[in-house]
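A.B. asks: This structure is in structure tokens; I'll ask about it shortly.
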Amino acid sequence: MKLIYSIHKYDVTMFTWVNAVAIRTSLMPVCRGISRTADGLLYVLAAGWLYWDRGGQDGLLQAMVLAFLIERPVYFALKKGFKRNRPQQALSNFQSAIKPADQFSFPSGHTSAAFMVATLFGYCLPQLATALYCWAAAVGFSRVVLGVHFPTDTLMGMFLGVGTAFFSLNYVLS
């Protein structure tokens, strides 16, 4: 219990620092835009482009479909299992900048999906890996700035996304 309390205390401290009024106000418009890139439409378009350009037997497309078929149920199970309140419910006198899609905070689904897609595409197109990981990290950071996740929510989202991507790549490409 002491470890969980220490992690939560660190999480709240980092969250509070990131959401300081000056930082949050200046970053808000950019963070809204970055967060929207991970709402899901981009992934559907990427899968559609892969199917159109390379066909249904493409390894990247198959890995992407498998990754989402694994990641989404695991993500939902973790959310329902941990039932961690979002910052707005957990911290008094705090209001998030956007309305979250669901009640619970841990892990960040936007961050998980972004890192999963970044890992999949970065593996198959290594020249894009750095830019893709920067985008995925920006998605995670934006979720904290927008006030809908604590930092460890996005950290766990990163681990879930990368792990799922590597599992799927190993399964499909081996």
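A.B. asks: Charges at C-beta only: +1 for Lys and Arg, -1 for Asp and Glu. How large is the resulting dipole of the range 39-95 about its Cα centre, in Debye rounded to 20?
C.D. replies: Rounded to the nearest 20 debye, it is 480 debye.
A.B. asks: Hey, can you rank 65-75, 144-154 by average C-beta count inside 10 Å, highest first?
C.D. replies: Peptide ranking by packing, descending: 144-154, 65-75.
A.B. asks: Let me ask something additional. Can you order the peptides 159-166, 3-10, 44-51 by their average number of other Cβ atoms within 10 Å per residue, highest first?
C.D. replies: Highest-to-lowest ranking by the protection proxy: 159-166, 44-51, 3-10.
A.B. asks: Going by a ≥ b ≥ c, the root eigenvalues of the Cα gyration tensor, does the range 123-162 fall in the rounded group (a/c under 1.5), the prolate group (a/b larger than b/c) or the oblate group?
C.D. replies: Since a/c reaches 1.5 but b/c is at least a/b, the shape of the range 123-162 is classed as oblate.
A.B. asks: Over the range 91-174, with every protein chain in place, what whole percent of the accessible area is carbon and sulfur at 1.4 Å, could you tell me?
C.D. replies: Result for the range 91-174: 67 percent of the exposed heavy-atom area is carbon or sulfur.
A.B. asks: Okay, next question. If packing is taken as the average count of other Cβ atoms within 10 Å, what order do 93-100, 79-86 fall into, highest mean first?
C.D. replies: Peptide ranking by packing, descending: 79-86, 93-100.
A.B. asks: Rounded, prolate or oblate: which fits the range 28-126 when a ≥ b ≥ c are the square roots of the eigenvalues of the alpha-carbon gyration tensor, with rounded for a/c under 1.5 and prolate only if a/b beats b/c?
C.D. replies: prolate
A.B. asks: Related question: Accessible area per residue, 1.4 Å probe, Å², for the range 1-148: what's the number?
C.D. replies: 56
A.B. asks: Only Lys, Arg, Asp and Glu count, each charged at its Cβ (+1, +1, -1, -1), so figure out the dipole size of the chain about its Cα centre, rounded to 20 debye.
C.D. replies: Using Cβ point charges on Lys, Arg, Asp and Glu, the chain gives about 600 debye.
A.B. asks: Any number yet on Rg/Rh for the chain, C-alpha, Kirkwood?
C.D. replies: 1.00
A.B. asks: Considering only protein heavy atoms, with the full assembly of protein chains and a 1.4 angstrom probe, order Y123, Y171 by accessible area, largest first.
C.D. replies: Final ranking, largest accessible area leading: Y171, Y123.
The values are calculated or read from the model by the stated rules, or taken from the named source; none is laboratory data. Note that the structure is a prediction, hence the values are computed from the model and not measured. A quick note on method: Cβ atoms are made from the backbone with ideal geometry, for glycine too, and the neighbour counts reach across all protein chains shown. The area values use the complete protein model at the heavy-atom level, side chains included, leaving out ligands, DNA and RNA. Shrake-Rupley method; radii C 1.70, N 1.55, O 1.52, S 1.80 Å.
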